[in-house]
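Notes follow once the structure below has been shown.
The values are calculated or read from the model by the stated rules, or taken from the named source; none is laboratory data. Not measured: the values here are computed from a predicted model. Reconstructed Cβ throughout: ideal geometry from the backbone, glycine too, with neighbour counts over all protein chains shown.
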Amino acid sequence: MTDGLIVLVVEDHDFQRRTTARMLRSLGAREVLEASNGRQALALLAGSAQVDIVLCDLDMPEVDGMELIRHIGEANSTASVIIASAQERSVLASVEKMADAYGIRMLGVIEKPVTFSALDHLTSRHTHPEPQRTFAAESGFGLGEILRGLGEQQFEPFFQPKLEMATGRLLGAEALARWRHPTRGVIAPHAFVSLLEQSGHIDELTFLMLERAADACRGWRERGLDLTVSVNLSLVSLTDTTLAGRITKVVRSRGLDPAHMILEITETTALTAVAPALENLNRLRMRGFGLSIDDFGTGFASLQQLMRIPFTELKIDQSFVTGWAANPSLRTICESSVEMARRLNIASVAEGVETQADWDGLKATGCGSAQGHLVARPMDGTAFLDFFAAPAARAA
């Protein structure tokens with residue numbers, strides 16, 4: 001429902017624009033603004049009250065829908081966007097990805113003609129931006145400040161639950177690094193991971209996460225919870241042939257059997273030192289650790305990595321999962337990935353599951369497990385235990 005919302009309809013066809021505006025008013029919109037092209041829309045956005053949702057066509061004179069979306073993103077607008085267009089599905093899916101890359105909050109796509117039910121469904125997905133974000137988006141930290149934070153133990157794992165799709169059972173969690181900055185709140189990893197990798201300090205973060213994730217998982221298992229924990233491991237670290245031994249020593253020293261930890265290999269850089277990387281990964285696998293190929297399909301030579309590394313798990317990247325139900329191309333990629341994992345006798349995990357439709361469709365393909373906002377957002381250790389204790393809250 002659009003109760004109390006201000007919606008801007010951008011459509012060059014007068015009848016379609018007015019019809020859409022009438023439907024929005026009947027859905028309870030507080031105000032509906034109209035523009036016949038992107039240029040008029042930009043003028044309204046600059047001079048009107050806060051617009052909650054922009055519903056726009058793509059093919060329009062003067063300023064088309066894609067340029068409008070770009071300007072909305074560059075303005076850091078809090079408006080959500082719905083695309084309404086008669087363009088082919090492959091184009092619509094690509095424009096959705098473009099909008100996401102511009103930082104737009106996309107509610108979805110309506111294939112024309114616009115219907116009352118489609119409007120009702122997509123506008124109901126709009127949420128007002130929170131006054132304070134859980135994770136700070138800004139970066140700009142210097143290496144010295146990041147290293148001081150590491151030295152002062154300001155970094156900790158947040159846990160994103162992973163559910164078995166066939167049963168809804170909680171299997172474990174991925175430990176995601178978060179920085180509890182003393183003045184800027186909780187900082188997400190994009191603000192510090194790349195700089196740590198480039199400067200050769202990524203191991204300091206990795207080993208802190210290994211220690212804390214192992215402590216948490218040991219605690220879960222002491223409570224009788226049969227769970228595993230996943231920790232990200234950068235390819236940058238794999239050039240040091242002592243790495244596997246150091247990881248094994250740290251995890252065992254925290255009282256956790258390596259069999260209860262999965263190391264996720266993130267392909268943020270090309271794997272240039274192949275021999276020492278393979279030595280480390282084979283040694284880790286021999287010592288009981290699970291190995292997961294993370295963000296499958298987006299990294300450097302993923303199929304080649306899958307062939308030469310003894311992975312036990314394949315994680316389908318969220319860029320292929322989110323919106324799966326409505327996009328035939330994404331469905332093909334996900335189904336093929338699940339089938340490949342099955343044939344290789346390794347587990348399949350879908351990342352970024354956000355809707356029940358995506359969950360249901362992926363479950364039907366035989367995908368083994370899933371994580372994403374439909375299941376739960378990353379949370380601290382205390383909240384994770386509360387999540388486990390409330391099975392109704394995680395029913396999918």
Checklist outcome for this item: Checked the stretch 20-29 for anything more than 32 Å from the chain's Cα centre (by Cα) and exposed (fewer than 15 other Cβ atoms within 10 Å of the Cβ); matches are Arg22, Arg25, Ser26
Next on the checklist: So, Leu176, is that one within 30 Å of Thr239 (Cβ to Cβ), aliphatic (A, V, I, L, M) and part of a helix (DSSP H, G or I) or not?
Outcome noted: no
Checklist entry - In the stretch 85-92, is there at least one residue being within 20 Å of Leu8 (Cβ to Cβ), touching a residue at least 12 places away in the same chain (Cβ under 8 Å), not assigned by TED's automatic domain parsing to the domain that holds Ser230 and not in a loop (DSSP other than H, G, I, E, B)? => result yes
Checklist outcome for this item: Within the stretch 349-385, the residues that are of a type outside the set (S, T, N, Q) and in a strand (DSSP E or B) are Val349, Ala350, Glu351, Ala370, Met379
Next on the checklist: Please verify whether Leu92 is at negative phi, modelled with pLDDT of 90 or more and buried (at least 18 other Cβ atoms within 10 Å of the Cβ), treating the condition exactly as stated.
Outcome noted: no
Next on the checklist: Can you tell me which condition Leu235 does not meet? The list is (1) touching an Asp or Glu at 6+ places or on another chain (Cβ under 7 Å); (2) of a type in the set (A, V, I, L, M); (3) closer than 30 Å to Ala389 by Cα, and all the others hold.
Outcome noted: (3)
Checklist entry - Is it the case that some residue within the stretch 57-77 is closer than 17 Å to Met23 by Cβ and not assigned by TED's automatic domain parsing to the domain that holds Arg331? => result yes
Next on the checklist: Cβ-Cβ under 8 Å, sequence separation 6+ or interchain: first residue in the stretch 276-295 and outside the structural domain of Glu351 (by TED's automatic domain parsing) and under 11 Å from Thr248 (Cα atoms), partner crowded, with 19+ Cβ neighbours inside 10 Å and aromatic (Phe, Trp, Tyr). Which pairs?
Outcome noted: none
Checklist outcome for this item: Going through the stretch 148-166 in order, the residues found to be out of contact with any helix residue (DSSP H, G or I) (no Cβ under 6 Å at 6 or more places or on another chain), closer than 15 Å to Ile187 by Cβ and not in a strand (DSSP E or B) are Arg148, Gly149, Glu152, Gln153, Gln154
Next on the checklist: Suppose we keep only residues that are of a type outside the set (A, V, I, L, M) and in contact (Cβ under 8 Å) with a residue 60 or more places away in the chain within the stretch 7-21. Which one would you say is nearest to Ile69 (Cα to Cα)?
Outcome noted: Glu11
Checklist outcome for this item: Considering only helices (runs of 4 or more DSSP H) wholly within the stretch 181-275, the ones with at least 2 residues that are in contact with a Gly (Cβ under 9 Å, 6 or more places away or on another chain) and either free of Cβ contacts under 8 Å to residues at least 12 places away in the same chain or of a type in the set (Phe, Trp, Tyr) (or both) are 202-222
Item to check | Residues of the stretch 310-331 that turn out to be surrounded by fewer than 18 Cβ atoms within 10 Å (Cβ to Cβ) and farther than 17 Å from Lys363 by Cβ, as a count | outcome: 5
Item to check | Selected residue (only one of Ser48, Ser80 is on the phi < 0 side of the Ramachandran plot and modelled with pLDDT of 85 or more) | outcome: Ser80
Checklist outcome for this item: Across the stretch 333-349, the tally of residues that are under 18 Å from the mean Cα position of the chain (by Cα) and modelled with pLDDT of 95 or more stands at 2
Next on the checklist: Can you tell me which residue is farthest from Ala259 (Cα to Cα) among those in the stretch 199-228 that are surrounded by 21 or more Cβ atoms within 10 Å (Cβ to Cβ) and not aliphatic (A, V, I, L, M)?
Outcome noted: Thr206
Checklist entry - Which one is modelled with the lowest pLDDT among residues in the stretch 239-271 that are of a type in the set (Ser, Thr, Tyr) and within 19 Å of Asn282 (Cβ to Cβ)? => result Thr266
Item to check | Which listed residue, of Arg184, Arg223, Arg180, Arg212, is basic (Lys, Arg) and either under 18 Å from Val375 (Cβ atoms) or touching a Leu at 6+ places or on another chain (Cβ under 9 Å) (or both) | outcome: Arg223
Next on the checklist: Take the conditions surrounded by 15 or more Cβ atoms within 10 Å (Cβ to Cβ) and within 16 Å of the chain's Cα centre (by Cα) and apply them to Gly361. Does it pass?
Outcome noted: no
